[in-house]
Each structure stands twice: as C-alpha cells, then as structure tokens.
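Participant: One structure, pasted below without further comment.
The values are calculated or read from the model by the stated rules, or taken from the named source; none is laboratory data. Quick caveat, the model's predicted, so the values are computed rather than measured. With ideal geometry, Cβ positions are generated from the backbone for all residues, glycine too; neighbour counts draw on all protein chains shown.
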Amino acid sequence: MLEVDVAARRGAFALEAAFRSDAPIVALFGRSGSGKTTLVHAIAGIVRPTRGRVEIAGRTLFDSARGIDLPPEKRRVGYVFQDALLFPHLDVRANLAYGESRTPPHERFIDRDRVLALLGLGPLLARRPATLSGGEKQRVALGRALLASPRVLLLDEPLASLDGARKAEILAYIELLRDEFHLPMVFVSHAIEEVTRLADHVVMMAEGRVVAEGPAADVLSRPEIAALAGRFEAGAVLEARVAGHDPRYELTTLAFPGGELVVPNLDALPGEPIRVRIRARDVSLALARPEGVSIRNILAGTVASVGHEYGAIVDVQVDVGHGARLVARVTRLAAEELALRPGLRVHALVKAVSIDRRSAGFA
C-alpha cells in the first residue's frame, strides 16, 4: 500500500496532492508542469514537503506531524530518471554494483543474475554509458534501481527521450519486471498510450492538484481526459479478455461485458485480461446496423450523453451494456441529423485496425 498526502512548494509552484493505492502500477498522469515530478520527488525524499505524510507498505518515510523525514538513501526507493543518469566514468558492471551497494547484503531480495538475464544486460557489462543506445541506458538504469532491492520503484518519464521502437522495448521490460518481481511501481507520464498499457491505478494531475484518481479504465474514460491529453485523445478504456486468435487472418478476438472486439493479432494467451483504449475519433455511429461494410466491430448501444463540443465537433457517450461505454466523436451536423439524444438506440462502429498494440495493455 502506498499512501501519499503532501504539500510542497518549488518557487511559485504549489503542490497539494494526495492518493492511496495498492495497485501494482500507479501512474501519475498529466501535462508537463502539472506536478508529477515534484510529487514523485517528495516520495523519494528529493523534495521536502511543507507538510504531510508518505507511507509505503506500513513504513513511514515522511510525517511532518511526527517529525519523521528519512533521507533518500534510507527510504529504500528505486528511482529511474528520464535520462537514465548513469555514471559516465563507470562501466555497466560498476553502475549496477553501485545500485546493489546501497542496500546491506542481509536486506537484499533481488537476485543479480536474474536481473541481468531479464534485462539482457550480460553483453553490456564491460561497456561505458557513452557507447550505449537510449534503450540500453534505460535497461541499465532499471537494473541499477532494482539491485538496490527497493520497496517501490519510481519511474519518472523513463520513455520520454526514446524513439518509438525503444519505447516499445522498455515498456515490455517494465511489464516483465512487474510480473517477475511483484514490485510496486509509480510510473510518471504525460502519454496516454503508455498509461493505458501499464497502469492499474491512475492519478490524474493538473496545476499541482489531483483532479481524478481510480482504476485506469475508469479514469482514462472520463471526459476531462481530453483537457490533459489533448482533444484528439478523448475516448474510452475497456477491460476485456482474450477470447481467441484467428491465425489465418492474424486477428484476435477480445471479449468484454458488452460484447466482442476484433483487433489485429495480440501476443497474448486466451483468457488473459487486457485493457483496450478506443479513441473517440475512431468510433462512428449508425441508427441501424449497417451491412456490406468493412468495419469488423459493430456494437449495439444506447446514447448516454451528448456534449463536449469543440466548434463543429460533438462527443457522444454510448453505453454498450454491462457498464461498458464508448465515446464517439461526430460532427454537430451529424448529431442533429441523427437526432442523437440520451436513450436513443444506436450502433457504434469501430475499425479493427484502429486498435493496435499501443492501444492495449495487459491488466
């Protein structure tokens, strides 16, 4: 259990944030300057709050009322920065050894050989950071943080400086470490696709405040997400399970309480839980079920609300059954011509190709 309730100041910026979660991965999500890094620095002990409390697994790291303020090296917190921040004068082996040296031998619970194997660090041990790619540096940074046997792993925008291929690589490693070590993580990001894929619990931040928090599927489906992630990222997140694969056409069927979705092949076992983000701009609406169309996903539903206009654009929330909801972005003209209103029965159309690996995360 991670419990945070702190206030802090950095110049003119004021942070007042609180959340509580026992989820495997908690995401601090919001635009740049929203206070995500300041909050994670307060957890790590880099920033001293003006008041509040930080507790991890029943161990108090900071409590202003009780006069507790453990220094960073005593908090047993692993920290991976955006730019890796490896020691340039040390090779990979020595960088990893530094992480391990931060914890007394009798308190270490992370096996060095296992970390090397999982992160593929063996071939890199004799190399200096200057000779490593961005993805390799972040793998070493992950290994160094893990070898300190932390009680929580803080990942502060670890993908921000990487290209698309390297981002996908590190995301896969983070998922692997989550499943292997069952180590709580706090993942800081302003990218909704990263948060969708990794997070179990989302803390949405704006201007130094927590504006929403809760299960990822709930928070990432809220209308206000557009104000933080950008208007084109509005949509909904569905909790589903892999129902089966079609190897001939390389498609995967996902089952969720409101029906099924067909998507391009996902590397997952039948029955495996998965979280899928469907953007509002990828959903169309029809009053009758269309025939003779290429769209694979046609879901019957009921209009729940019409609103969130951006000039010519209207966002329509559609209940597709059993609590599952989609958002369709249509023109205001279309909304009027279809007479869209709460309670109206419609069909939501979702192109299979609009849901790719970046839109899915394993729950």
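Participant: Can you confirm whether Thr60 is β-branched (Val, Ile, Thr) and either outside the structural domain of Leu198 (by TED's automatic domain parsing) or without any contact (Cβ under 8 Å) to a residue 40 or more places away in the chain (or both)? Explain how you work it out, then say what you get.
Facilitator: Values: β-branched (Val, Ile, Thr): yes; either outside the structural domain of Leu198 (by TED's automatic domain parsing) or without any contact (Cβ under 8 Å) to a residue 40 or more places away in the chain (or both): yes.
Yes, satisfied.
Participant: Moving to a separate point now. Which one of the conditions (1) at pLDDT 95 or above; (2) surrounded by 16 or more Cβ atoms within 10 Å (Cβ to Cβ) does Arg345 fail to meet, given that it meets all the rest?
Facilitator: (2)
Participant: When Gly301 is evaluated against the numbered criteria (1) more than 27 Å from Glu194 (Cβ to Cβ); (2) modelled with pLDDT under 90; (3) of a type outside the set (A, V, I, L, M); (4) buried (at least 20 other Cβ atoms within 10 Å of the Cβ), which criterion, by number, is the only one it fails?
Facilitator: Only one criterion in (1) more than 27 Å from Glu194 (Cβ to Cβ); (2) modelled with pLDDT under 90; (3) of a type outside the set (A, V, I, L, M); (4) buried (at least 20 other Cβ atoms within 10 Å of the Cβ) is unmet by Gly301, namely (2).
Conditions (1) in contact with a helix residue (DSSP H, G or I) (Cβ under 8 Å, 6 or more places away or on another chain); (2) modelled with pLDDT under 95; (3) not hydrophobic (A, V, I, L, M, F, W, C), marked per residue:
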{"position": "Thr37", "(1), (2), (3)": "no, yes, yes"}
{"position": "Ser64", "(1), (2), (3)": "no, no, yes"}
{"position": "Asp69", "(1), (2), (3)": "no, no, yes"}
{"position": "Glu100", "(1), (2), (3)": "yes, yes, yes"}
{"position": "Asp111", "(1), (2), (3)": "no, yes, yes"}
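Participant: Select from segment 63-113 the residues that are among the acidic types (Asp, Glu), free of Cβ contacts under 8 Å to residues at least 60 places away in the same chain and not in a helix (DSSP H, G or I) and write down the one among them that is farthest from Arg139 (Cα to Cα). Spell out the reasoning first.
Facilitator: Here is the first cut: in segment 63-113, the ones among the acidic types (Asp, Glu) are 63, 69, 73, 83, 91, 100, 107, 111, 113.
Now narrow it down to the ones that are free of Cβ contacts under 8 Å to residues at least 60 places away in the same chain: 63, 69, 73, 91, 100, 107, 111, 113.
Next cut, not in a helix (DSSP H, G or I) only: 63, 69, 91, 111.
Working: Asp63: 33, Asp69: 30, Asp91: 14, Asp111: 16 Å.
The qualifying residue farthest from Arg139 (Cα to Cα) is Asp63.
Participant: Of all residues in segment 38-61, which are closer than 22 Å to Val80 by Cβ and surrounded by fewer than 22 Cβ atoms within 10 Å (Cβ to Cβ)?
Facilitator: His41, Ala44, Gly45, Ile46, Val47, Arg48, Glu55, Ile56, Ala57, Arg59, listed by residue number.
Participant: Applying the selection to segment 173-205, what residues are among the basic types (Lys, Arg) and surrounded by fewer than 20 Cβ atoms within 10 Å (Cβ to Cβ)? Give the derivation first.
Facilitator: Initial filter on segment 173-205 (among the basic types (Lys, Arg)): 178, 197.
Scanning segment 173-205 gives a single hit, Arg178.
Participant: Given (1) touching a helix residue (DSSP H, G or I) at 6+ places or on another chain (Cβ under 9 Å); (2) over 30 Å from Ala212 (Cβ atoms); (3) not β-branched (Val, Ile, Thr), where does Glu73 come up short, assuming only one miss?
Facilitator: (1)
Participant: Still on this model: For segment 112-134: of the residues being basic (Lys, Arg) and within 24 Å of Arg178 (Cβ to Cβ), which is surrounded by the most Cβ atoms within 10 Å (Cβ to Cβ)? Spell out how you get there, then give the answer.
Facilitator: In the first step, residues of segment 112-134 are kept if they are basic (Lys, Arg); the result is 112, 114, 127-128.
Filter once more, keeping what is within 24 Å of Arg178 (Cβ to Cβ): 112, 114.
Details: Arg112: 16, Arg114: 12.
By that ranking, first place goes to Arg112.
Participant: Separate question: Being touching a residue at least 40 places away in the same chain (Cβ under 8 Å), crowded, with 22+ Cβ neighbours inside 10 Å and under 27 Å from Gly45 (Cα atoms) is the requirement here; does Gly208 meet it?
Facilitator: Values: touching a residue at least 40 places away in the same chain (Cβ under 8 Å): yes; crowded, with 22+ Cβ neighbours inside 10 Å: no; under 27 Å from Gly45 (Cα atoms): yes.
For Gly208, the condition - touching a residue at least 40 places away in the same chain (Cβ under 8 Å), crowded, with 22+ Cβ neighbours inside 10 Å and under 27 Å from Gly45 (Cα atoms) - is not met.
Participant: If you don't mind, there's one more thing I want to ask. If you go through segment 226-237 one residue at a time, do you hit one that is in contact with a strand residue (DSSP E or B) (Cβ under 8 Å, 6 or more places away or on another chain), surrounded by fewer than 18 Cβ atoms within 10 Å (Cβ to Cβ) and more than 21 Å from Glu157 (Cα to Cα)?
Facilitator: Yes, segment 226-237 has at least one match.
Participant: Just checking, how many residues over segment 32-62 are part of a loop (DSSP other than H, G, I, E, B) and either on the phi > 0 side of the Ramachandran plot or not small (Gly, Ala, Ser) (or both)?
Facilitator: Going through segment 32-62, the residues part of a loop (DSSP other than H, G, I, E, B) turn out to be 32-35, 45-50, 57-58.
Adding the requirement that they be either on the phi > 0 side of the Ramachandran plot or not small (Gly, Ala, Ser) (or both) leaves 33, 35, 45-50, 57-58.
Total meeting the criteria: 10.
Participant: Would you mention how many residues in segment 119-128 are touching a residue at least 24 places away in the same chain (Cβ under 8 Å) and in contact with a helix residue (DSSP H, G or I) (Cβ under 6 Å, 6 or more places away or on another chain)?
Facilitator: Of the residues in segment 119-128, the ones touching a residue at least 24 places away in the same chain (Cβ under 8 Å) are 119, 121, 124-128.
In the following step, the residues that additionally are in contact with a helix residue (DSSP H, G or I) (Cβ under 6 Å, 6 or more places away or on another chain) were identified as 119, 121, 124-125, 127.
The total comes to 5.
Participant: Further question: Show me the helices (runs of 4 or more DSSP H) found entirely inside segment 126-239 where at least 3 residues are under 30 Å from Gly258 (Cα atoms). Quick ask: steps written out before the conclusion?
Facilitator: Values: elements: 134-146, 164-181, 192-198, 216-219, 225-229.
Filter on segment 126-239 gives 164-181, 192-198, 216-219, 225-229.
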